[in-house]
1. Does region 64-76 contain any residue that is in contact (Cβ under 8 Å) with a residue 60 or more places away in the chain and either part of a loop (DSSP other than H, G, I, E, B) or within 14 Å of PRO11 (Cβ to Cβ) (or both)?
2. For PRO45, only one of the following conditions fails: (1) part of a helix (DSSP H, G or I); (2) closer than 22 Å to THR16 by Cβ; (3) at pLDDT 95 or above; (4) not charged (D, E, K, R). What is its number?
3. What single numbered condition from (1) at pLDDT 90 or above; (2) surrounded by 12 or more Cβ atoms within 10 Å (Cβ to Cβ) fails to hold for ASP37?
Amino acid sequence: MPTNWPPLTAPSWPPTELNTTGFETSDLRALAEILRDAGFTHAAPTAAERNIYFRDALCDHGHTVLGRMLISPSGVRYPVAVCTDATHRDILVLWPPYYCGHASANYTW
């Protein structure tokens, strides 16, 4: 289980733009395609977002993470974290089990 993840102040998942009460995927490529098709973009977090969401977050193996923000068409910003360990490279998400598995960050958006 990741440490200090998901952030308590993160927007609820799934985004309203997806028009569903439940949404998850174990395939990062499929997630990226679904979100892109729905009009989502991504960006680096602001200084405030880095402090709120990512400062104390660790992956499920205790490694530090880098943050990215998924931005919905309505402007809601959802935090997603990437493990910085070169061999682990896990992605932390807002749905259980809150991480996408070993080397899931090797897929580039």
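The values are calculated or read from the model by the stated rules, or taken from the named source; none is laboratory data. The structure displayed is predicted, hence computed values, not measured ones. When we count neighbours, we look across all protein chains shown, and the Cβ atoms used for this are built from the backbone with ideal geometry, even at glycine.
1. Yes, region 64-76 contains at least one residue that is in contact (Cβ under 8 Å) with a residue 60 or more places away in the chain and either part of a loop (DSSP other than H, G, I, E, B) or within 14 Å of PRO11 (Cβ to Cβ) (or both).
2. (1)
3. ASP37 satisfies every listed condition except (2).
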